[in-house]
Amino acid sequence: MVKIAIVGVGTVGESVANILEQNRDLIDARAGKELKVVKGVVRDLSKKRDVNIPLTNDIDEVLNDNEIDIIVELMGGVEEPYNVVKKALQNGKAVVTANKALLAYHRYDLQKIAGDLPIGYEASVAGGIPIINALKVGLSANQIVAIKGIINGTCNYMLTKMINEGVEFDAILKEAQNLGYAEADPTFDIGGFDAAHKLLILASIAYGIDSKPEDILIEGIENINSYDIEFAKEFGYSIKLLAIAKKIGENIELRVHPVLIKSSQMISKIDGVMNGISVIGDFVGETLYYGAGAGGNATASAVVSDIVEIVRAGQSSPMLGFKKPFKSENLKILPTDEIQTKYYLRVDVKDEKGVLAKISKTLGDNNISIDTFLQKHIGNEEAILLFSTHNCFEKEIKKAINEIEKYDFINQKVSMIRIED
Ligand code: NAP
Ligand code: HSE
């Protein structure tokens with residue numbers, strides 16, 4: 001019998017315990033052994049929970065129990081779970097985690113500590129979609145040319161409802177929290193950090209690159225408003241929070257931010273809590289992955305798949321997919337200023353003579369050519385000017401915005417969204 005302890009019996013932990021109970025015969029047959037959750041660890045023993053497993057609030061009770069084979073870490077956080085996972089590995093236990101924040105900071109430390117002990121983390125990226133396995137195993141023959149993904153279910157759920165139903169930001173965030181999609185601190189979702197954590201994990205498997213959230217461009221969806229949505233609808237775009245990894249020569253572009261993306265593109269049709277990831281390999285071409293990106297059951301499905309694989313095969317491949325170092329030390333993260341794309345600008349101005357001419361000139365002076373333009377009036381004195389541009393460098397658009405914001409007729413900071421073709 002394989003004995004399992006679940007550290008953190010919340011949204012995901014409860015579902016893991018329930019899947020292992022409900023599908024016990026099938027899962028035991030697939031694993032080739034009987035699997036049993038012998039203990040769940042929580043903070044508050046008095047909370048009502050929908051599980052049939054003995055609970056404790058003492059983590060050491062499971063970490064020091066020699067009978068326990070696998071620790072499933074589902075508590076959230078960074079340093080506290082790091083210490084839990086480290087101790088579990090040091091005590092010879094296999095580990096499964098869904099914790100992308102932990103992995104964004106400590107994946108290489110944990111790989112080192114684990115040695116030959118297995119660490120499963122399929123649930124850490126894109127909930128129920130087996131994207132880790134796809135990259136680590138299925139696409140291992142390929143140089144990864146690009147990864148583009150909607151990998152935060154909360155943001156995608158919120159943007160879909162804001163665009164399709166006009167629901168207000170705060171109300172829809174509460175709904176996503178009630179549905180169990182959001183992180184304990186939802187600023188991780190709406191600020192783009194959760195998607196960035198996931199992107200860094202994917203980038204490690206794809207490129208062998210060890211980078212931290214601080215190293216990459218991360219923007220969230222907090223500033224998207226109804227004018228952006230109107231512009232998107234008028235010009236045939238959808239708005240998505242996109243995580244992008246691209247290999248360009250010896251540079252890797254790693255960024256997370258909202259994008260305007262043409263409604264005809266497949267990825268723009270991924271709505272609600274669904275996640276979608278496009279991975280382009282040099283030999284396989286484009287491959288696409290789609291499924292529920294958050295929520296207890298979808299995430300627990302991936303957690304249980306890791307448990308089954310560990311029981312079946314142990315550590316069948318190295319944690320981050322490389323058995324020996326790759327010449328990734330040559331790869332550099334492309335500086336943000338060097339990003340080249342199209343941009344959308346929302347400029348809130350006093351409705352006066354010459355305003356449009358001055359803004360157009362400033363853009364032109366910075367080598368930026370306007371593609372489309374839309375104007376919305378608020379009363380008699382205020383106007384919202386909405387522009388999209390042709391391709392230019394990030395440093396050029398930033399300089400132009402900086403200059404535009406200095407004009408007296410500007411009412412508030414210029415808002416910018418990148419356009420992804
Ligand atoms: P959650 O509902 O907040 O559950 C966290 C659980 O951990 C709770 O049972 C909590 O105990 C327990 N816990 C927290 N700190 C603890 C401590 N110091 N000692 C003992 N127990 C502790 O979170 P969740 O949504 O299940 O997420 C769990 C992990 O999965 C996170 O890393 C999250 O990022 C990741 N994840 C979540 C989803 C999702 O859709 N929810 C998807 C993918 C990955 P109490 O119940 O007593 O407070
Ligand atoms: N909060 C995360 C999301 C959970 O919304 O995508 C899944 O990782």
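Assorted remarks:
- Charged side chains reduced to their Cβ positions (Lys and Arg at +1, Asp and Glu at -1) give segment 336-420 a dipole of some 40 debye around its Cα centre.
- Radius ratio Rg over Rh of segment 1-157, counting only Cα atoms, Kirkwood formula for Rh: 0.97
- Rounded to whole numbers, the Karplus 3J(HN,Hα) couplings from phi for segment 410-421 are 7, 8, 8, 4, 6, 9, 10, 10, 7, 10, 10, 8 Hz, using 6.51 cos²θ - 1.76 cosθ + 1.60 with θ = phi - 60°, and x at Gly and Pro.
- With a cut-off of 12 Å between beta carbons, the residues surrounding Ile261 carry a summed charge of +4, where Lys and Arg count +1 and Asp and Glu -1.
- Take the chain with all the other protein chains still there, run a 1.4 Å probe, and you get 44 Å² of accessible area per residue.
- Cα-based convex hull, the chain, per residue volume (Å³, whole number): 146 Å³
- Evaluating 6.51 cos²θ - 1.76 cosθ + 1.60 at θ = phi - 60° for every residue in segment 84-101, the Karplus couplings come out as 5, 5, 4, 5, 4, 5, 4, 8, x, 9, 6, 10, 10, 9, 10, 8, 6, 5 Hz, glycine and proline recorded as x.
- Within the shell defined by Cβ-Cβ distances under 12 Å, the residues around Glu67 carry a net charge of +1, with Lys and Arg each +1 and Asp and Glu each -1.
- Annotation for segment 327-421: GluC sites (Glu not before Pro) lying in DSSP loop with at most 14 further Cβ atoms inside 10 Å of their Cβ are Glu352, Glu381, Glu405.
- Segment 297-389: trypsin sites (Lys or Arg not before Pro) in DSSP loop, at most 14 other beta carbons within 10 Å: Lys323, Lys353
- Take the chain and mark each of the chymotrypsin sites (Phe, Trp or Tyr not before Pro) that is in a DSSP loop with at most 15 other Cβ atoms within 10 Å; the longest unmarked stretch, sites excluded, is 1-282.
- Eigen-decomposition of the gyration tensor built on the alpha-carbon atoms of segment 284-421 gives equivalent ellipsoid semi-axes of 47, 21, 12 angstrom, largest listed first.
- Electrostatic dipole magnitude of segment 147-222 [Cβ: Lys, Arg +1; Asp, Glu -1; Cα centre; debye, to 20]: 320 debye
- Cα centroid separation, segment 191-209 to segment 65-88 (Å): 22 Å
- Paramagnetic reach from Glu352 (point 7 Å along Cα→Cβ, amide N under 18 Å) across segment 389-418: 403-414
- Amide hydrogen proximity for Glu382: with H placed 1.01 Å from N in the peptide plane, the residues at 5 or more positions away or on another chain lying under 5 Å are Asp351.
- Cβ-Cβ FRET estimate between Asp60 and Lys332, R0 fixed at 51 Å, reported to 0.05: 0.75
- Cα-centred dipole magnitude for the chain, charges only on beta-carbon of K, R (+1) and D, E (-1), debye, nearest 20: 840 debye
- Each of Tyr407, Ile397, Gly285 was scored by the projection of its Cα onto the charge dipole of the chain, and the greatest displacement toward the positive side belongs to Gly285; charges sit on the C-beta of Lys, Arg, Asp and Glu.
- Environment charge at Glu168 (Cβ cut-off 11 Å; Lys +1, Arg +1, Asp -1, Glu -1): -1
- Estimated vicinal HN-Hα couplings, Hz - segment 214-230 in sequence order (Karplus 6.51, -1.76, 1.60; Gly, Pro = x): 4, 7, 10, 6, 10, 10, x, 9, 4, 9, 5, 10, 5, 5, 4, 5, 4
- Pairwise Cα distances in segment 130-190 exceed 13 Å in 67 percent of cases.
- Taking the Cα atoms of segment 87-167, the ratio Rg/Rh between the radius of gyration and the Kirkwood radius comes to 1.09.
- Kirkwood hydrodynamic radius (C-alpha pairs) into Stokes-Einstein, segment 349-391, 20 °C and 1.002 mPa s, D in µm²/s: 194 µm²/s
- Maximal additional length on extending the Glu405-Glu230 stretch stands at 60.7 nm, based on 0.36 nm per residue less the C-alpha distance.
- At most 15 other Cβ within 10 Å, DSSP loop - trypsin sites (Lys or Arg not before Pro), segment 47-138: Lys47, Lys48
- Each Cα pair under 8 Å and six or more residues apart adds its sequence gap; the mean of these over the residue count of segment 1-62 is a relative contact order of 41 percent.
- Take the Cα of Thr187, step 7 Å toward its Cβ, do the same at Lys269, and the gap between the two points is 3.8 nm.
- Taking the 1.4 Å solvent-accessible surface of segment 336-420 as the whole, the part contributed by carbon and sulfur is 46%.
The values are calculated or read from the model by the stated rules, or taken from the named source; none is laboratory data. The structure presented is a predicted model; accordingly, all values stated were derived computationally and were not measured. Ideal geometry is used to build each Cβ from the backbone, glycine not excepted, and the neighbour counts take in all protein chains shown. Please note that ligands, DNA and RNA were not included when accessible areas were found on the heavy atoms of the full protein model with its side chains. Shrake-Rupley method; radii C 1.70, N 1.55, O 1.52, S 1.80 Å.
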